[in-house]
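Enquirer: I'd like to ask some things about the structure below.
The values are calculated or read from the model by the stated rules, or taken from the named source; none is laboratory data. The structure presented is a predicted model; accordingly, all values stated were derived computationally and were not measured. Glycine gets a Cβ as well: all are built from the backbone with ideal geometry, and neighbour counts include every protein chain shown. Note: accessible area is taken over every heavy atom of the protein model, side chains too, but ligands, DNA and RNA are not part of it. Shrake-Rupley method; radii C 1.70, N 1.55, O 1.52, S 1.80 Å.
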Amino acid sequence: MKMPRGGRLFLATCLGSLFVLVLYFQSITKPEAGLKAVTRPGKSRTSPLQTLYNGDQLELLAAHKSLQGRRELLEQACLSHTRKRRVLSPEDLKHLIVDDMHGLIYCYVPKVGKHRVLMVLTSDGRYTDPLAIPANEAHVAGNLRTLSEFSVAEINQRLRSYLKFIFVREPFERLVSAYRNKFTRRYNTAFHKRYGTKIIRRHRPNAKPEALEKGDDVTFPEFVQYLVDPRTQREEPFNEHWERVHSLCHPCLIHYDVVGKYETLEPDAQAVLRLAGVEGTLQFPTSGKTTRTDGHMAARYFKHISPFYQKKLFNLYRMDFMLFNYSTPEYLRT
């Protein structure tokens, strides 16, 4: 018997709802005791998740205590500041990088983490040195597999049994870093064309034709005006380089086992590598840049932002400040 067209549409809607509903309940569930070991070709070992929650290695206890504190603070903040829960969709999982070999899931946040390390871990020997990976390959999305590419059953299995971790950064330092990289470097012509021309056209009175054409001299105040302009998010989602971390990684819907911070990047990253069992074979690279964006540099940029726009921008990024326990910057005049 052929199903009426309206019935087929109803069934498809129900199945779609079932997908996100199943995924939602699985993702917020904390790991259970007696976790299974991650199996690699020809080898079975204790999974990173087992190591973390079962305390298999005594030397992890000090690092574990610090990481556990952050995880608990995040959970408390989620309970305090999120009123509505919603279901996850495949689109929400596009920043969750999967490493099946080591049993890891990492939410990639631009301007924070070293995803080159994940490329080494998952390359099966193709790469051995994170810093030796060419820039044009390091930023190709297809070089790393994301959770959104798996089936519902495979997604749920990984969310239950893999170690899920995230690295975050002080929101305004990350924002200034993104501005400096995307709008003050001459080689980022794609960003200048797509975003720079739009920002100048909208927020620079009497802009010169050359600026409107190239978009390569956007000022930080113009960038801030663009971010807080209601039209910006109505037109399209924020670019990942300045999107809020809670919108990229959904930390109140996905239970992250480890919350690392850019400010303590090296010890936090070494703890993750130790949990993955690769600490002796892979070194987490540290930045050798002397012009790294820090609080002092962010303060210099915000000096030229009016209190009105400072307040609007802080409200835009407020959730990231609260969820990850960052204090309101002292340089803000709000």
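Enquirer: Contact list please: Cβ distance under 8 Å, first residue in segment 211-240 and on the phi > 0 side of the Ramachandran plot, second residue of a type outside the set (Lys, Arg) and open to solvent by less than 70 Å² (accessible area, probe 1.4 Å), pairs at least six apart or on different chains.
Expert: Partner pairs satisfying both residue conditions: Gly215/His192; Gly215/Tyr195; Gly215/Gly196; Gly215/Thr197; Gly215/Ile199; Gly215/Ile200.
Enquirer: Among the listed residues Val224, Val259, identify the single one that is more than 11 Å from Phe167 (Cα to Cα) and not basic (Lys, Arg).
Expert: Result of the check over Val224, Val259: Val224.
Enquirer: Anything in segment 146-176 that is surrounded by fewer than 17 Cβ atoms within 10 Å (Cβ to Cβ) and either within 15 Å of the chain's Cα centre (by Cα) or within 30 Å of Arg292 (Cβ to Cβ) (or both)? List them, or say none.
Expert: Ser148
Enquirer: Which one of Leu79, Leu61, Leu49 is over 19 Å from the mean Cα position of the chain (by Cα), at pLDDT below 90 and open to solvent by 60 Å² or more (accessible area, probe 1.4 Å)?
Expert: Sole residue among the options that is over 19 Å from the mean Cα position of the chain (by Cα), at pLDDT below 90 and open to solvent by 60 Å² or more (accessible area, probe 1.4 Å): Leu61.
Here's the yes/no breakdown for (1) within 24 Å of Lys312 (Cα to Cα); (2) touching a Leu at 6+ places or on another chain (Cβ under 7 Å); (3) of a type outside the set (Ser, Thr, Tyr):
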{"position": "Ala190", "(1), (2), (3)": "no, no, yes"}
{"position": "Pro205", "(1), (2), (3)": "yes, no, yes"}
{"position": "Glu210", "(1), (2), (3)": "no, no, yes"}
{"position": "Lys214", "(1), (2), (3)": "no, no, yes"}
{"position": "Gln225", "(1), (2), (3)": "yes, no, yes"}
{"position": "Val228", "(1), (2), (3)": "yes, yes, yes"}
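Enquirer: I would also like to ask the following. Checking Gly125 against (1) small (Gly, Ala, Ser); (2) at pLDDT below 90; (3) buried (at least 22 other Cβ atoms within 10 Å of the Cβ): exactly one of these is not met. Which one?
Expert: Looking at each condition in turn, Gly125 falls short on (3).
Enquirer: Collect the residues in segment 190-214 that are part of a helix (DSSP H, G or I) and open to solvent by 50 Å² or more (accessible area, probe 1.4 Å), keeping them in residue-number order.
Expert: Ala190, Lys193, Arg194, Arg201, Arg202, Pro209, Glu210, Leu212, Glu213, Lys214
Enquirer: May I pose another question? Test Thr291 against the criterion of being at pLDDT below 85, outside any strand (DSSP E or B) and surrounded by fewer than 17 Cβ atoms within 10 Å (Cβ to Cβ), and give yes or no.
Expert: When the stated conditions are applied, Thr291 passes them.
Enquirer: Now for a different question. Determine whether segment 173-189 contains at least one residue that is of a type in the set (Val, Ile, Thr) and free of Cβ contacts under 8 Å to residues at least 24 places away in the same chain.
Expert: yes
Enquirer: Go through segment 169-189 and report how many residues are closer than 30 Å to Cys249 by Cβ and not in a helix (DSSP H, G or I).
Expert: Total satisfying the criteria: 6.
Enquirer: Now for a different question. Taking Asp99 as meeting all but one of (1) touching a Ser or Thr at 6+ places or on another chain (Cβ under 6 Å); (2) closer than 30 Å to Asp216 by Cβ; (3) at pLDDT below 95; (4) not hydrophobic (A, V, I, L, M, F, W, C), write down the number of the exception.
Expert: Result: Asp99 fails condition (2) only.
Enquirer: Identify all residues within segment 217-228 that are open to solvent by 20 Å² or more (accessible area, probe 1.4 Å) and either farther than 20 Å from Lys111 by Cβ or not in a loop (DSSP other than H, G, I, E, B) (or both); write none if there are none.
Expert: Within segment 217-228, Asp217, Pro221, Gln225, Val228 qualify.
Okay, residues lined up against (1) among the small types (Gly, Ala, Ser); (2) out of contact with any Leu (no Cβ under 8 Å at 6 or more places or on another chain); (3) crowded, with 19+ Cβ neighbours inside 10 Å:
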| site | (1), (2), (3) |
| --- | --- |
| Gln233 | no, yes, no |
| Glu240 | no, no, no |
| Leu253 | no, no, no |
| Val258 | no, no, yes |
| Tyr262 | no, yes, yes |
| Gln270 | no, yes, no |
| Leu275 | no, no, yes |
